[in-house]
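As structure tokens, the structure follows; a few thoughts come after it.
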Amino acid sequence: MTIKDKILGKLISNKGTPVSGEKLASELSVSRAAVWKHIKTLRGEGYMIDSTTNRGYSLTGAPDLLAPAQIKAGLNTCIIGKEIHYFKEIESTNTKAREIAHSAEEGTVVIAETQSGGKGRIGRKWLSPEGGIWLSIILKPKIQPLHAARLTLLAGLAAAKTIQGMSIEAKIKWPNDVLVKGKKVCGILTEMEAELDRIDYCVVGIGINANVDTELFPEEIRDLSTSLEHELGHAVNRNWFVRRLLEEFEKEYLTFQKDGFSSILEEWRNMSGTIGEYVKITTQAKTIYGEAVGVDDDGTLVIETNDGKLEKIVAGTCEHLRRT
Ligand code: BTN
């Protein structure tokens with residue numbers, strides 16, 4: 001965390017009560033002039049900071065930014081989000097997370113206000129305008145690489161539960177889109193670096209259309225997308241949402257490590273919008289139509305095809321179709 005973020009953190013935790021420049025300087029082992037310089041920078045970023053002679057600085061207003069100090073104020077986690085790297089604009093938080101993953105602690109988060117080259121699944125682009133939540137979590141799980149898909153399901157569950165917590169009915173479309181009223185509000189892209197029997201790191205990228213105007217999306221995805229703002233009828237507090245998401249994610253991740261995957265899967269199945277649907281699955285090799293009848297222990301989708309055969313799908317694109 002930078003000195004500027006630490007100063008902001010102290011102003012936030014003082015909840016509007018003035019804190020003296022001298023106290024800030026001595027607690028952070030910097031000069032009072034350095035404190036003053038950071039206060040000026042924070043003001044330039046839109047933070048409203050009052051200063052009164054003899055009493056010090058107090059925060060009276062903050063811009064709607066996903067700054068680490070704002071997220072961390074009140075974040076109740078042990079590992080996820082202890083370290084947060086923040087960018088106003090970046091190519092892709094997943095790419096950045098992969099760059100720093102080797103030297104980063106497990107649970108480090110990379111977050112950005114906008115992405116210029118956001119990555120979606122199967123090589124697609126992911127639109128990432130201002131107002132959304134674009135973040136990546138670095139994990140170093142002690143699991144076999146072939147079980148890595150479980151992390152994606154876990155992330156989808158954490159996102160769906162966080163959205164559900166806002167009284168919006170959220171469903172998970174296999175493998176990991178979160179839908180509201182059949183429209184996509186969140187996508188997840190998990191990337192990993194591994195040897196045959198050992199994961200070096202996984203990067204779980206989560207994109208949430210929070211306060212995004214999906215009407216401005218290109219025609220081909222406009223009708224398939226929605227945002228939390230649209231569903232609620234008002235903007236969401238993104239810092240609050242990120243805190244809840246990271247807390248939910250950590251809860252699921254610790255359960256997964258302690259008790260295994262079965263309880264996560266149970267909850268995933270309960271929130272699945274895919275099981276019971278007639279679907280079209282497109283894999284690299286083929287296209288399959290049938291009823292989604294279940295998800296097995298590794299997150300593989302089980303389809304009953306029109307001729308009654310069971311097919312297991314490890315990876316692919318899933319479309320929910322209406323039965324004719
Ligand atoms: C998909 O549904 O296709 C997956 C979309 C994943 C988007 C997120 S946004 C944060 C992270 N950084 C990226 O470049 N992609 C993921």
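The values are calculated or read from the model by the stated rules, or taken from the named source; none is laboratory data. A quick note: this is a predicted structure, and the numbers were derived from the prediction, not measured. Positions of Cβ are generated from backbone atoms using ideal geometry, with glycine treated the same way; all protein chains shown enter the neighbour counts. Just so you know, the surface numbers come from the protein's heavy atoms only, side chains and all, with ligands and any DNA or RNA stripped out. Shrake-Rupley method; radii C 1.70, N 1.55, O 1.52, S 1.80 Å.
Structure summary
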read-out	value
Residue-level accessible surface for VAL30, protein heavy atoms, 1.4 Å, Å²	40 Å²
For segment 278-321: Kirkwood Rh in Å [reciprocal of mean 1/r, alpha carbons]	10.2 Å
Between helix 262-271 and the chain: long-axis angle, C-alpha atoms, 0 to 90°, nearest 10	80 degrees
At 1.306 mPa s and 10 °C, Stokes diffusion of segment 70-215 via Kirkwood alpha-carbon radius, µm² per second	102 µm²/s
Added length on full extension, which subtracts the Cα-Cα distance from 0.36 nm per residue, CYS78 to MET1	26.1 nm
Cα centroid of segment 163-236 to Cα centroid of segment 16-53, whole Å	38 Å
Projected label distance in nm at GLU319 and LEU224, using a 7 Å step from Cα toward the beta-carbon	0.8 nm
On Cα atoms only, tilt of 32-44 relative to the major axis of the chain in degrees	50 degrees
Electrostatic dipole magnitude of the chain [Cβ: Lys, Arg +1; Asp, Glu -1; Cα centre; debye, to 20]	920 debye
Accessible area (Å², 1.4 Å probe, nearest 10) - ARG198	120 Å²
Potential lengthening between GLN164 and SER262 on full extension [0.36 nm per residue; Cα-Cα distance subtracted]	33.2 nm
Pairwise label distance in nanometres, ASP200 with TYR289, each label 7 Å out on the Cα-Cβ vector	4.4 nm
Segment 3-61 - percent relative contact order, Cα under 8 Å, separation 6 or more	42 percent
Under 13 Å between alpha carbons - lysine pairs in segment 149-308 that sit 8 or more apart or on different chains	9
DSSP-loop trypsin sites (Lys or Arg not before Pro) across segment 288-324, with at most 12 other Cβ within 10 angstrom	LYS309, ARG322, ARG323
Cβ-derived FRET efficiency at R0 51 Å, ARG269 paired with ARG43, nearest 0.05	0.55
For segment 3-61, diffusion coefficient by Stokes-Einstein and Kirkwood Rh (Cα), 25 °C, 0.890 mPa s, µm²/s	224 µm²/s
At 1.306 mPa s and 10 °C, Stokes D of the chain from Kirkwood alpha-carbon radius, µm² per second	75 µm²/s
Segment 230-324: GluC sites (Glu not before Pro) in DSSP coil with no more than 15 other Cβ atoms inside 10 Å	none
On Cα atoms only, tilt of 238-259 relative to the major axis of the chain in degrees	60 degrees
With DNA, RNA and ligands ignored, accessible area of TRP134 (1.4 Å probe; Å², nearest 10)	0 Å²
Rough spin-label spacing in nm, given labels placed 7 Å along Cα→Cβ, for LYS23 and GLU311	6.6 nm
